[in-house]
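Student: Sharing a structure below in structure tokens format, with a few things to ask.
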Amino acid sequence: MAVVDEFLLDAEEPRFSEDQRAELWLGALVCGVVIALLAMVVFIVAQGWPSFVHNGLSWFASGGKVDAQLTRIAQSGASGKAVYTFRAWPLIWSTFLTTAGAVVISFIASLFVAVFMVEFAPVPLQRLLEPVIRLLASVPSVIYGLIGVLVVVPFIFHHLISNQMETSVTPVIPLSGESLLAAVLILTFMISPIMISIFVEGLRAVPRSWLEGSIALGVNRWRSFWNVAVLTARPALISGTVLATARALGEAVMLSMVGGTTGFAPNPADGLLFFVEPSRGLAATILQQNDNFGSAPMKHTLFAIAAVLLFSSLMLSLSGWAAKQPMKRYFNVGGATA
Amino acid sequence: MSATGAPIHLPADAPAWRLRDRLGLAFAWLTGLLFCAVCAAIVVFLVVQGVRYLRPDMLWTNPKVGFNQNETGGFLAEIIGTVLVTGTALVIAVPVGVGVAVWLTEYGRPRGLARVVESTVEMFAGAPSIVLALFGVIVFQAPFLAFLSATTQGHAYGKSFFAAGAILSLLALPIVVANVREGLRAIPDHVREASYALGKTKITTIRRVLLPAARPSVITGTMIGAGHVIGDTAIIVLLLGDTYTLQAVGHIPLLGALRGTDSTLTSFIYANAPTGDLNQPQKAYAAAVVLLAMVFLLNIVVDISGRKARELKWT
């Protein structure tokens, strides 16, 4: 209101110069953006609140079949008597397994690939690879999903799943090749270009003279690079990992294509079967329930899932920020792009 | 001979690389070459499959009902949808993003507010798109936003180009902000001071000196943002309606289309994968190669503008 009043006054006597007005407008825009974003967070948590209140902490626990619970929740919308009973553990476990698996594998692989690319690869190969990596980093996830569902899933079904395995679990889950293994594999291919491109940027930014100093002291090339460049580029390693983890955590489309449609918690005690068991994560659940938004209890349940995802991703950026704090004395590399 | 004149000579039994170092180097080569092979496999596979199934007429026919994959038309409506929805998202994200970035670098007072803005925008860079999509589904069904989509008996449908574009702009916003900020920060202070010395006000300096100088960064941010927007599927599936052709609402040309529903290339691929509703893998491959070509073009623009930004040397 105050701003508007001052504008009315403006016509008579310019209380604000053009410059100050511009600053006010920009400030208002920025405040608007921040308020809108924060309001969104509040809205999502508020919409999910009924589901949390009805279930308490057992929302995060296991118990019963998650798909049957979701069906009951969706149907209860029409009957007028809302049902909220929901145990999300299988979905949380699946999200954790796929994300952690893919991030761990692709971190190790990406680090070595980045080191190779920056220091050891022949120059023509570097020139060729760099644009390819950037292209792969921006390939839409649905294309990875397509490759997964048309190439990897049939491969797993035909070569890794025996009839005996299939019959042993028939009453519980279908083994169609849509599996944890396929999900982790495709997710790894999806996020490692992102990691590699940020790692490479960080490693490139390390001053050449630091490496030369190390080599001049008689340390061999591998050890110099590993102990000087990789250590200096730690902020970039963290940025890349956080960004890639956020991608993996929120990936819905690709995982719902290759991970299967069954809400099931793969059990490591099953031995080899563990890898080919289907599982559906939190994000994929929201996507696959998109016909049921009309049912109020379902809506609240899905918003509760969304709130958990949002909270995890906020915590992820926060921990990335916290981890980078002690490294402030290093220059900040790989902060802004991608 | 070294500078001091003392000869440098390695002892005859100069220590060979330790086993650990040799293993590390070997592993780096191995993963590096493996990665090259996988890259090549993915790119070659997609291009081969795409070229096998892509027919030129798919680019200018709409999807239609047919008995087999030769009769079901192409994906003109999806290409238009991709362009329209990306345009809508960028029209929102770029001005807002540039505004936020300018405020953060050039004003940024009070300091506390600036830190809040910075961290909020940065945190949203990692927000899962499915969460944003779910938020959009509920918000755009609200009565006061009903004019943005089709309405049936007073109920807002909530799915339209406006809805999808508005939510997608949230994906592009942090990227635009980060890139424009970086571009503005790279401009040394004496450029600003020179402008002030000529009697220009701060806002004129920003508009006439700083933003033109930072143009390559603005373009880079916009194009990287566009890449993310084009590639997103979850928001499109939830917010653009499930029609495979452009269904305009009302008769005003562009506005009607923007209020209407459609699919994009990503949601078309999703629907045409074996897990989707249409299940026509050949069409999915063809659409994937078109989408890949779009992403490739965007990448080239990013490369060119990035090179321009680096060529701008301030002294």
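The values are calculated or read from the model by the stated rules, or taken from the named source; none is laboratory data. Computed from a predicted model, the values in this text were never measured in an experiment. Note that each Cβ is placed from the backbone with ideal geometry, even for glycine, and that neighbours are counted across all protein chains shown. The area values use the complete protein model at the heavy-atom level, side chains included, leaving out ligands, DNA and RNA. Shrake-Rupley method; radii C 1.70, N 1.55, O 1.52, S 1.80 Å.
Student: Can you tell me how many residues within the stretch B:269-286 are facing chain A (nearest Cβ under 9 Å) and assigned to a helix (DSSP H, G or I)?
Tutor: Qualifying residue count for the region: 6.
Student: Taking the stretch B:55-113 as the search range and keeping residues that are touching a residue at least 12 places away in the same chain (Cβ under 8 Å) and charged (D, E, K, R), which one is surrounded by the most Cβ atoms within 10 Å (Cβ to Cβ)?
Tutor: So, considering only residues that are touching a residue at least 12 places away in the same chain (Cβ under 8 Å) and charged (D, E, K, R), the one surrounded by the most Cβ atoms within 10 Å (Cβ to Cβ) is B:78.
Student: Something else now. Quick check: anything in the stretch A:119-128 facing another protein chain (nearest Cβ under 7 Å), closer than 27 Å to residue A:225 by Cα, open to solvent by less than 20 Å² (accessible area, probe 1.4 Å) and among the aromatic types (Phe, Trp, Tyr)?
Tutor: Looking through the stretch A:119-128, none of the residues is facing another protein chain (nearest Cβ under 7 Å), closer than 27 Å to residue A:225 by Cα, open to solvent by less than 20 Å² (accessible area, probe 1.4 Å) and among the aromatic types (Phe, Trp, Tyr).
Student: Which condition breaks for residue A:230 when tested against (1) among the β-branched types (Val, Ile, Thr); (2) buried (at least 17 other Cβ atoms within 10 Å of the Cβ); (3) touching a Ser or Thr at 6+ places or on another chain (Cβ under 9 Å)?
Tutor: Exception for residue A:230: condition (3).
Student: In the set B:258, B:254, which member is part of a helix (DSSP H, G or I), open to solvent by 10 Å² or more (accessible area, probe 1.4 Å) and without any contact (Cβ under 8 Å) to a residue 60 or more places away in the chain?
Tutor: Answer to the check: B:254.
Student: Could you please find all residues in the stretch A:191-223 being under 21 Å from residue B:23 (Cβ atoms), facing chain B (nearest Cβ under 10 Å) and in contact with a Leu (Cβ under 8 Å, 6 or more places away or on another chain)?
Tutor: Correct list: A:222 only.
Student: While we're on this one: Is there any pair linking a residue in the stretch B:222-245 that is closer than 22 Å to residue B:259 by Cα and away from chain A (no Cβ under 11 Å) to one that is acidic (Asp, Glu) and in a loop (DSSP other than H, G, I, E, B), with Cβ under 9 Å and at least six apart or on different chains, and which?
Tutor: Sorted first by the residue in the stretch B:222-245, then by its partner, the pairs are B:240/B:262; B:241/B:262; B:243/B:262; B:244/B:262; B:245/B:262.
Student: Where in the stretch B:186-248 are there helices (runs of 4 or more DSSP H), lying fully within it, with 1 or more residues that are charged (D, E, K, R) and open to solvent by 10 Å² or more (accessible area, probe 1.4 Å)?
Tutor: B:189-197, B:202-205, B:215-231
Student: Run residue A:133 past the list (1) farther than 22 Å from residue A:94 by Cα; (2) open to solvent by 20 Å² or more (accessible area, probe 1.4 Å); (3) not aromatic (Phe, Trp, Tyr) and report the number of the one that doesn't hold.
Tutor: That leaves (2) as the condition not met.
Student: Something else: Taking the stretch B:140-165, which residues are open to solvent by 30 Å² or more (accessible area, probe 1.4 Å) and either within 11 Å of chain A (Cβ to nearest Cβ) or under 20 Å from the mean Cα position of the chain (by Cα) (or both)?
Tutor: Selection gives B:141, B:155, B:159, B:162.
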